[in-house]
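I have placed the structure first, in the form of structure tokens, so that the comments after it can refer back to it.
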Amino acid sequence: MSLLDIANLQIDFPTDNGLVHAVRGVNLNVEAGERVAIVGESGSGKSVTARAILGLLGDDCRIRGRIMLDGRNMVEASAGDLAAARGGIVGMVFQEPLSSLNPVYTIGAQFRLGLTEHGLDDKKADELCLEYLRKVDIPDPETAVKKYPMEFSGGQIQRIMIAMALALHPKLIIADEPTTALDVTVQLEILDLLKRQCAESGAALLMISHNMAVVADIAQRVVVMRRGSVVEEASVEDLFTRPRDPYTKQLIASVPKLEVEDGDADSGGLTDVDGNDIDNDIVVQANHINVFYKGRRLGSRIHSVQDVSFEIHRGEILGLVGESGSGKSTIGRALIGLGGELEGELSLLGTSVVGASKREMRALRERVGFIFQDPGTSFNPRRTVGEGVAAPLRIHRPHMSDQEVNSKVRTMLEAVSLDPDYVDRYPHELSGGQRQRASIARSLMLDPELIIADEPTSALDVTIQAKVLELLKQLHAQLGFSCLFISHDLAVVDQMADRVIVLHHGKLEESGVTGQVLHHPQQPYTRKLISSVLAPNPENPQPFKSVFA
């Protein structure tokens, strides 16, 4: 008998507009010790299928079919059986870790609670907590356990979630987009950790991912889902070399690739990715900026960004890359006066951000669009998606009529490949990728002069990612806005950015024209980043390892 055997699974959700058929007759099995990946577009039913295994879909959904987990039918399981399975039989790594952790409890308290619920005493729980935080490369675990979730970067909090899932040695690990928020170097470490855990403990892995390169690296078998149904299933080698279904072929063809080519060294002239001249007018000027955060001790400060200088020209897309915790998001937020104590010289659209009044910052924010890294926490859960997307217009364009606002909201949702009828849904009723698309639509509502895009495609599947990137390119060509493009996906940055700067521990490591920095790096750290890039090729998932040897 398989460790997990799903037969004819059907899941429906009631809405004001009738039933939504999220999963339609899915059959899926996972053997003990096997690594299986589920791939497909956002909203295809991947995460819904995984959450159904542990009864995490709420009471309003209707589930039919069979989910046999370790010999027990989870569709008919009692509350006690579900509690025993969660953590004990199955370790779950959720897609949006900040939404899954309690913000008012420390990491150590939440880690300990999950372990003591399964019978461990406090001492053993604390020992396991420190052990697994070290395994996932969290610096200074003894201090980390005393911190709160918001004190960690997106990548660090994802690693903490993975540590929690691994600590009880489950028979099955369900990893829902576990590397979405991680930079390429940490992504490799996490994938190696998951593979080691499976090998050492005999645990099976059910990986849900839109990253085909990650799938190629870790999976043995792949299940492709679309619109709630399985359209193809094959070994990882067969899927990537001989895909049968047209949709699978589209998924593989949509993966952005970082190609190392001798002819890509740019001369350094101020031109965009299409070779057009970039306006010399400077939209953002940062001279020797530093960003500090208050430490836990009275009067102490944490130096998050150290002596960084750069500029963004009108019409230019500047890529900002670096490991999780390197200060990328901190710089993006500093530009619009969000978070941290800022020192140095920083001007935005001709106005100094340092020392700016609330009125001045409000006027600046009207001219800037921001795409946040975590769409799950950037929307008000009590307001509909339509209300969330319309918020910039309600705040900055109060003279617009309801009809005008609603028309623009629907137009922008269509532009990011979302059904306009989603205006009446709430954020929790959308998948992670759908929420990110809504976030992108919201950032464009005011026709901004500058867009700060903080990991804008990290939660998107490859087909929608390709559409969104193409949309951003088209809007950039039409409107001429400038953009700070923050991403850990070097292939996407290579495709989008005119110039790129590399951060490491809050300091500027290397900068220049994209072709020079990513294809002919000068600094060892930049070479390390590039050599960690995965490719969608199960025979050679790390093609750049030998390039900079």
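List of remarks:
- When residues of the range 478-520 are limited to those that are of a type in the set (A, V, I, L, M, F, W, C) and free of Cβ contacts under 8 Å to residues at least 60 places away in the same chain, the one surrounded by the most Cβ atoms within 10 Å (Cβ to Cβ): VAL517
- Restricting LYS473, LYS528, LYS545 to residues that are more than 30 Å from GLN220 (Cβ to Cβ), at pLDDT below 90, of a type outside the set (Ser, Thr, Tyr) and out of contact with any strand residue (DSSP E or B) (no Cβ under 7 Å at 6 or more places or on another chain) narrows the list to LYS473.
- Test result for GLY55, buried (at least 16 other Cβ atoms within 10 Å of the Cβ), at pLDDT 90 or above and assigned to a loop (DSSP other than H, G, I, E, B): yes
- Scanning the range 230-240 for residues that are farther than 19 Å from ASP176 by Cβ, in contact (Cβ under 8 Å) with a residue 40 or more places away in the chain and out of contact with any helix residue (DSSP H, G or I) (no Cβ under 9 Å at 6 or more places or on another chain) yields a total of 1.
- Filtered by the rule that a residue be β-branched (Val, Ile, Thr) and surrounded by 15 or more Cβ atoms within 10 Å (Cβ to Cβ), the range 410-428 gives VAL416, VAL423.
- Taken as a whole, the condition of being within 25 Å of SER326 (Cα to Cα), in contact with a helix residue (DSSP H, G or I) (Cβ under 9 Å, 6 or more places away or on another chain), without any contact (Cβ under 8 Å) to a residue 40 or more places away in the chain and hydroxyl-bearing (Ser, Thr, Tyr) applies to TYR132.
- Hits in the range 334-353 (condition: under 18 Å from ALA453 (Cα atoms) and free of Cβ contacts under 8 Å to residues at least 12 places away in the same chain): LEU338
- Pairs with Cβ under 8 Å, 6+ apart, first in the range 412-425 and free of Cβ contacts under 8 Å to residues at least 40 places away in the same chain, second assigned to a loop (DSSP other than H, G, I, E, B) and surrounded by 19 or more Cβ atoms within 10 Å (Cβ to Cβ): MET412/LEU444; MET412/MET445; TYR422/LEU430
- Elements of type helices (runs of 4 or more DSSP H) in the range 360-439, at least 1 residues being aliphatic (A, V, I, L, M): 385-396, 402-415
- Test: residue in the range 303-317 that is outside any strand (DSSP E or B) and within 18 Å of VAL502 (Cα to Cα): yes
- So LEU193, is it within 29 Å of GLN373 (Cβ to Cβ) and either buried (at least 24 other Cβ atoms within 10 Å of the Cβ) or among the polar types (S, T, N, Q) (or both): no
- Among residues of the range 195-222 that are in contact (Cβ under 8 Å) with a residue 40 or more places away in the chain, those with a beta-carbon under 7 Å from a residue that is of a type in the set (Phe, Trp, Tyr) at least six positions away or on a different chain give the pairs ALA216/PHE240.
- Taking the criterion of being closer than 23 Å to ASP374 by Cα and outside any strand (DSSP E or B), the residues of the range 196-214 that qualify are SER209, HIS210, ASN211, MET212, ALA213, VAL214.
- Criterion (outside any strand (DSSP E or B), within 30 Å of VAL90 (Cβ to Cβ) and modelled with pLDDT under 85) met by exactly one of ASP217, ASP192: ASP192
- For beta carbons closer than 9 Å, sequence separation of 6+ or different chains, a first residue in the range 373-390 that is more than 19 Å from ARG410 (Cα to Cα) and a second that is of a type in the set (Phe, Trp, Tyr), the qualifying pairs are SER378/PHE370; SER378/PHE372; PRO381/TYR426; ARG382/TYR426.
- Scan of the range 20-32 for residues that are touching a residue at least 60 places away in the same chain (Cβ under 8 Å) and either crowded, with 16+ Cβ neighbours inside 10 Å or within 27 Å of the chain's Cα centre (by Cα) (or both), ordered by number: HIS21, ALA22, VAL23, ARG24, VAL26, LEU28, VAL30
- Residues that are acidic (Asp, Glu) and part of a strand (DSSP E or B), drawn from the range 220-245: GLU232, GLU233
- ARG244 out of contact with any helix residue (DSSP H, G or I) (no Cβ under 7 Å at 6 or more places or on another chain) and surrounded by fewer than 24 Cβ atoms within 10 Å (Cβ to Cβ): yes
- The residues in the range 446-477 that are over 20 Å from GLY376 (Cβ atoms) and outside any helix (DSSP H, G or I) can be counted, and the count is 6.
- Any hit, the range 59-76, residues being assigned to a strand (DSSP E or B) and within 24 Å of the chain's Cα centre (by Cα): no
- Of ASP424, ASP402, ASP498, ASP461, all but one fail to be at pLDDT 90 or above, of a type outside the set (A, V, I, L, M, F, W, C) and closer than 28 Å to VAL186 by Cβ; the exception is ASP498.
- VAL223, sole failed condition from (1) at pLDDT 80 or above; (2) surrounded by fewer than 24 Cβ atoms within 10 Å (Cβ to Cβ); (3) over 17 Å from GLN95 (Cα atoms): (2)
The values are calculated or read from the model by the stated rules, or taken from the named source; none is laboratory data. Bear in mind that the values here come from a model prediction, so they are computed numbers and not experimental data. Using ideal geometry, Cβ is built from the backbone for each residue, glycine included, and neighbour counts are taken over all protein chains shown.
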